[in-house]
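J.: My questions all concern the structure below.
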Amino acid sequence: MSTDALESHATYVEQHKVFQLFEGLLQDLIIHKPADPIGHLIKQLKVEPVPKIIVVGPPGAQASSLCELVAAKQDLVHVVANESLVRDLARSGSEAGGKAKALIDDGGDWSALPSDLQLSLLKEKLEAGDCTGKGWVIEGFPKTHAQARSMLAAGLLPSRVMHVNLDDAEVLRRLTGRRVDPTENTVSRL
């Protein structure tokens, strides 16, 4: 095969995201284990894939601002794993949302919720409404390796993970003098 032909094939594969397509289809088969794999794959090929993004980083990385920017630019649903997610799901009549809201009303916060309950809430949100049609960007979850693995086991596979990498000195510089308004959830510096 000539070099020109190889270049042509490589360009085609890149332009049409062939490897990502196969990876997505394989993931879907492994997660759903359909009785009719061929029929399932044909159905999946007719659906346009949506972006599924997780943003992680150390404190001070401004993941919230990055998530807002990505959500606005790509028209994605910005999902924040915190008490507001619990309140939204509880208002919609979610059983898990009601259970989590009761725990938070008793003086807890998002981080005090059991990881499996956090995952249930997140899964419920990501598998409903705009998240399935538009795609999503998650802020605040997963925080640990175990949470990331449980997310994968639950079938919540991101198409991209954005990791904001900061050295310790930069984290310290960014956090020194930083104050958060708990009612407005805004950050200011002294």
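The values are calculated or read from the model by the stated rules, or taken from the named source; none is laboratory data. Here the structure is a predicted model, which is why all the values come from computation and not from measurement. As a convention, Cβ positions derive from the backbone with ideal geometry for all residues, glycine included, and neighbour counts pool all protein chains shown. These accessible areas exclude ligands, DNA and RNA; they are computed on the full protein's heavy atoms, side chains included. Shrake-Rupley method; radii C 1.70, N 1.55, O 1.52, S 1.80 Å.
J.: Over region 141-188, what percent of the accessible surface lies on carbon and sulfur atoms, probe 1.4 Å?
T.: Within region 141-188, the accessible surface is 54 percent carbon and sulfur.
J.: If the only charges are +1 at each Lys and Arg Cβ and -1 at each Asp and Glu Cβ, what is the size of the charge dipole of region 89-190 around the Cα centre, to the nearest 20 debye?
T.: Taking the Cα centre of region 89-190 as origin, the dipole is about 240 debye.
J.: Taking Cα extents along the principal axes in Å straight from the coordinates, which label in [x] 64, 43, 28; [y] 39, 38, 32; [z] 43, 39, 33 is the correct one?
T.: This structure yields the entry labelled [x].
J.: Can you tell me the dipole magnitude for the chain around its Cα centre, using point charges on the Cβ only (Lys, Arg +1; Asp, Glu -1), in Debye to the nearest 20?
T.: Here the size comes out at about 180 debye.
J.: Here's something else I'd like to know. Which entries of 43/143; 52/123; 17/123; 73/134; 101/125; 17/52 show an alpha-carbon separation above 22 angstrom in the structure shown?
T.: 43/143; 17/123
J.: Tell me, what is the per residue accessible area of the chain in Å², probe radius 1.4 Å?
T.: 67 Å²
J.: Multiply the residue separation of residue 106 and residue 153 by 0.36 nm, subtract the distance between their alpha-carbon atoms, and state the gained length in nm to one decimal.
T.: 13.9 nm
J.: Take every DSSP beta bridge with both residues inside the chain and express the antiparallel ones as a percent of the total, to the nearest 5.
T.: So the antiparallel bridges amount to about 25 percent of the total.
J.: Leaving ligands, DNA and RNA out of it, report the carbon-plus-sulfur percent of the accessible area of region 1-80 at a 1.4 Å probe.
T.: About 60 percent, which is the carbon plus sulfur part of the accessible surface.
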